[in-house]
Each structure stands twice: as structure tokens, then as C-alpha cells.
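For reference, the structure discussed in these notes is given below.
Quick note: the coordinates plus some simple rules give every number you see, no bench work behind them. Given the structure is predicted, the values throughout are model-derived calculations rather than measurements. Cβ placement follows ideal geometry from the backbone for every residue including glycine, while neighbour counts extend to all protein chains displayed.
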């Protein structure tokens, strides 16, 4: 019996090894078959007009890094055909990633026009990374979801594919990409539609004109200001909100940059008001999986690895962004790739080098190859088959059309609108690889057991909206508010406990270094939940403590804690400096040696310099501190203290220390 069992186990292990080897060979074959990525004619591109240097594009670079065109060359494969401004040509590795991800990585046959977005890791080039300094002040004052990315680019892609018998392959394939560091999805998708249509009709010169217009007519990037941003005959009105913080803008919220004065050469003016620059339509993606929304919320909150599988990069990128938005206003601090291919430079890092423990990551993929490759991932979200839905729409159109010859092919221009009759499904099956068949149902495949029970009242309300055909934006507003309140209920106890870690005022001495905040102790925090936990403000019931323990070990907690701890330390330093400015140093100096007085003067000057640097950073770009008067008073008092100490020294020592 034992021998037979051993033989079966050995045979099973041998089969698994052969399967792994076969998978490895398939990966190698796919990568080897990859078309070469190249830059076409970039050496021959028109030089920047009037001798413009990269420094002249400083205003443009706040909003857009560059615009690119990727085409399919019969000899080279995917190739970068055009970049503007030419000073911002991406590095070789960035070019490779842009080219491969600019085209759908599946056999979905995305005919027509497709819009989606991607996220690219920035090459570790010191010159490029240095330009991120201009975003530091912006990031310190804006909500986490709007922060300029310091290490990645966002790419907004407009892919066009259509039949063309005049071309060797019989197809026209080309992508227009806007590369930026800002996650302003709604703004850039609007710009993408406008500029792509103009490019396909008028050519590359229109993109150069767009860059020049943005560089000269768009204002500097700021928080708390309503902007009118002109682009040809269009004008986008946006508001970049400020986070709840110590700072306020010196500007009012009246629209900045009047359109008619700036773009009189482009008439008539059409103003497009964008209510939110970054908030995606949640209901658009969640309608087919609404019954499992709370499970997804927990998975994203605790930064669990999730792979989103679809047939269209538009659906995948929109779903990934929806998942990240579930935990707003908490910042998602793990990795997320709205659209990912096997040719990405991070492919090995994310799928093979991590071993059997997947990284905290959300991946959006369209290539069915990933289903087998990521069979060890614990959570897989399969989207509704976009192409299947398109085929049904085509069949319905053919059935209802009397003149079938007049029926045109349907195009995929954005996230799929899901039929209300589609039911969501979920499976706890461990064999995710078995779900790779063509007929596999959509839904969430996971073994995860949620800590909290779902709010059935909210789900019934949303489902009723489906039956009554409630507008999608109303459904989204309902979901967004509910999820916001849920996340806030979860985070408020953490914020309250974090505030309690601040040392007492009596522990702050003007003659000692600023004290450190007390350490975060999980068990001490959990002990506070009985009297001030989320169960007091949230309708959800369940194991809140278990969820907090899981959250405590996630990148989201570490990101939140590091940010709050830094704020506490800065506050303590400010309080210590204020105490020093109000101290009676003349009384302190009565029994002190001259060397001690000199040491105090040098320390005061050092603190004053640091304080001045901090205020300078806060006021960059017309941002000012809400307690600006207090800050100026503190600075003046420190100067007075230095002068007071100076008068206690003989003249020769004043000259020695260069005071």
C-alpha cells in the first residue's frame, strides 16, 4: 500500500515538473517570437523650433511628459514612430514597454478604436528623477489619489485598428499615447479623444501644436484652483482639490486662465466641465460583481494579489482603477498595473521571481496565457467577455436591420456596458488554471473568507436601481459614498489612536531635542476598539479585529503609518521650535560659559535655516501655510533670540563665529 502511494506521489511530482517545464518553454517561445521594438526615423525628426531646450518645456512637463505614436512595422514589429517634444524621448527600456503595451496583448481582435491606460516604471535615470522635485509641493497638498507619480509614468492609449487592403498585412494598426505623471484619468481621456482624432486626420504637426499651446497657455500645476485649460477649440474646466491639511491656497477658487483671452485664434470655444479629474465610474465595472463588492474591498484594503482577466485592455484598465478606488480616501500603497503584458520589463519580477508567494499587486491582463502562469495567485477576477457581448450586439443588429448591408461593425471605445440580466458568480475553487477555457464564467475566483458581512440593504438598493434603470452616474455616486463611509469608519479608530501617540506638551523642552512619537502597538490599538471601534459608525458586522490584524501587515498600513508618523514628527519639531522661541534664554545664559552660549547660537541658526527651507517649500507655487502668521512670528522670535544671545558675547567672539 505504502509503495503504491509512493509511486503515485512520484508520478504526480513528475507530471507537475513536466508541466512547469512546459510552461517555462512556452514563456521562452512567446518571448522569442516577440517582434523587435525599434525607433523609426527619430534621428530624422524635426528639431525643436527656435532652438528650444528642455528647460523651455518646464510648464508642459508639469502636465505631460511627451506624446508618442507607435505603429506596426512589417520588418521591425511594434515601433516608436514619433515622440514630441524630442527632448523627452524615453529611454530604451521605456520605449520597449511603451511599444508592447500600446497594442492589445490578445487575440480579441479589437477592431475600430480602443482607449485604455497603463502604468510604466520610470528608468532609474538621475536626470529624469530630479525633475520630480517640482511635484513635491503639489503632492504634499493634494489628495493621495491625485499625487504625481515619482517613479512611474501613466500612459493613456488610443489604439486604432481597421482593415486596409492596401497594406501588406491587410490591417492598419497604430496607437497614440499621452505620457504623464499625473493620474488625471478623466482629463487625459478627454484630451486623448480630441488629439487622436485630429492626429489621424491631420498628422503629426497637430501634436506639436498641442504641446506648444499647453506649454505657453496652461498655468502652473497647483492645488485648490479651478482651471480653464485651452486645447484648440476645446477648453477643459477642472478643479484640483486640496487634501484636508494644514495648508491652504493663496488663490481663490475662481477659474484660472481665461479661455477667450488665451485661445481667441481657435473659435468657437467649447467648454467641457470635468467634475472630477480622476474618479472613475465605479458602477460601470462593479455591476456584474456587486454581490462581492465587500470581499473586493477587503482584498484591496489588505493589498492582496489580484489578477484581473479580460478580453479588452479598456475593460482591464478600468476595472483595476475601480478596485484601487474602492478604498478611497486611503492611499493604495501596493503595486497596480492597469494593463500588463508578458513583454513588460517587470514580467519576471511580478510572475516568476516571487516564487510561490505572489506580491501585493493588482494586474490587469488580456492574454489567456496568464491564467495558467498565475495559477498560484489566490484571487482572480474574470470580466465579462467583451467580444462575446459585441458579437451578441452584432447579431441583434443584423436581426433588426432590414438592410444588412448598411450595418457597420461595432467598435470598442471604452469600458463595456454590461447587460442588466447578467448574473455575478463566484467560486472557491483552488484550480484557477482550470478556468482558462473559453466558456469559463465571469466572476471572482477566490478561497478568501471575508471578515465582514455584506450590507444587504445597500446591495438591494443598487439592484433596484438596475430594475428601474437608474442612471449609471447616480449608481456610482451611491456606491462611492457608501464605500467612502466604510473606509472612513475603518480608518477613524486608527487616526484617533495615532493622535494619542503624540507626547504631552510638558515633555517638549526648549533645551532638548524634539521627542519622538510613541510607538504604534497593535494590541494596544485593538484594545481601544470596544469603546471607539468601527462598529459604532458602520452598519457592517463581523470580525473587525481580524481585519485590522490583516491590514496591519499590508503595504497600505505601512504607507499610511509612515505618512502619519512623519506628520507627527514635523509637528513635534515645530512645537519644540516654538517653545525655544518663547523661552527666556537670557535667564538661561546667566550661569553658562561663553562656549555654551556660542553653541546655543549655532543651534538656533541651524534650526532657523531648516525652518526657512521648510517655509520656502510650502510657499512654492503660491501655496502658503494656513498658520502663516504663526510661522512668521516664530521665525521673528528665533531671530530675536539669536540677537539676544549675541549681545551676551564680547565683540571678538562675535567675529570669530561670524555672527
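I need 91, 311 ordered by Cβ neighbour count within 10 Å, fewest first.
Values: 91 13, 311 26.
Arranged by neighbour count, lowest to highest, 91, 311 become 91, 311.
How far apart, in nanometres, would the label points at residue 599 and residue 74 be if each is projected 7 angstrom from Cα along the Cα-to-Cβ direction?
Roughly 8.1 nm, to one decimal.
Under a crude label model (7 Å from the Cα following the beta-carbon direction), how far is residue 123 from residue 502 in nanometres?
Going from the residue 123 label point to the residue 502 one covers 4.6 nm.
Which of 366, 71 comes first, and how do the rest follow, when ranked by fewest Cβ neighbours within 10 Å?
Values: 366 28, 71 19.
Going from least to most buried by this count: 71, 366.
Just to verify a number: FRET efficiency for residue 613 and residue 376, C-beta to C-beta distance, R0 = 41 Å, to 0.05?
On the way: r = 48 Å, r/R0 = 1.18.
Working from the Cβ atoms, E equals 0.25.
Grab the Cα-Cα distance for residue 193 and residue 352, subtract it from 0.36 nm times how many residues apart they are, and report the gain in nm with one decimal.
Once the chain is fully extended between residue 193 and residue 352, it gains 53.6 nm.
Taking neighbour Cβ counts within 10 Å as the exposure measure, how do 326, 120 sort from fewest upward? Let's see the in-between values first.
Details: 326 24, 120 21.
Exposure proxy ranking, most exposed first: 120, 326.
Kindly state, to the nearest 0.05, the FRET efficiency for residue 169 paired with residue 200, given R0 = 30 Å and r defined as their beta-carbon distance.
That gives a FRET efficiency of 0.95.
Determine the gain in length on full extension of the stretch residue 591-residue 466; use 0.36 nm per residue of separation and subtract their C-alpha separation, reporting nm with one decimal.
Stretched fully, the residue 591-residue 466 segment lengthens by 37.0 nm.
With each pseudo-label sitting 7 Å past Cα toward Cβ, what's the residue 606-residue 561 distance in nm, one decimal?
Each label point lies 7 Å from its Cα, and together they span 3.0 nm.
For residue 139 and residue 209, compute 0.36 nm times the residue count separating them, minus their Cα-Cα distance, and round to one decimal in nm.
Contour length minus Cα-Cα distance gives 22.3 nm.
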